[in-house]
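Down below is the structure, laid out as structure tokens.
All of the numbers you see were taken from the coordinates with simple rules; none came from a lab. Keep in mind that this is a model prediction, so the values were computed, not measured. Please note: Cβ atoms are built from the backbone with ideal geometry, for glycine as well, and neighbour counts cover all protein chains shown.
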């Protein structure tokens, strides 16, 4: 793994660990989903930072799906991981997160498992693979 991505991936994993260790059995909150969303976004940005050394400001203003599509990350993500990116984007775009209160703790744990998988995928299959990493572009 490269020098630039390591702190980003560690931060993403810490977000997941902090919330998944403290999830009540039957209650989920928007804060938990926000932390999950932050972990997913941080993992994706880790690959971009590793590829280019920094993340341009104009990408900070875009939604996560758009960032993935514009940089080539979308093309290398499997469908299940694209799904979590879309879920995160949907959550972030929602002004009324009422659907979160209807989500079970089991569903939240499923999201955390997928998010962990995304972090690992970013580390081993994108950042750890020079041919994939070189295909990422910053518009």
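The residues 15, 52, when put in order of fewest to most other Cβ atoms within 10 Å, stand as 52, 15. Computed from the C-beta positions of residue 129 and residue 106, the FRET efficiency with R₀ = 25 Å rounds to 0.15. Here residue 52 and residue 86 are evaluated by their C-beta separation; at R0 = 22 Å the FRET efficiency comes out at 0.35. Estimated from the Cβ-Cβ distance and a Förster radius of 22 angstrom, the FRET efficiency linking residue 11 and residue 137 is about 0.40.
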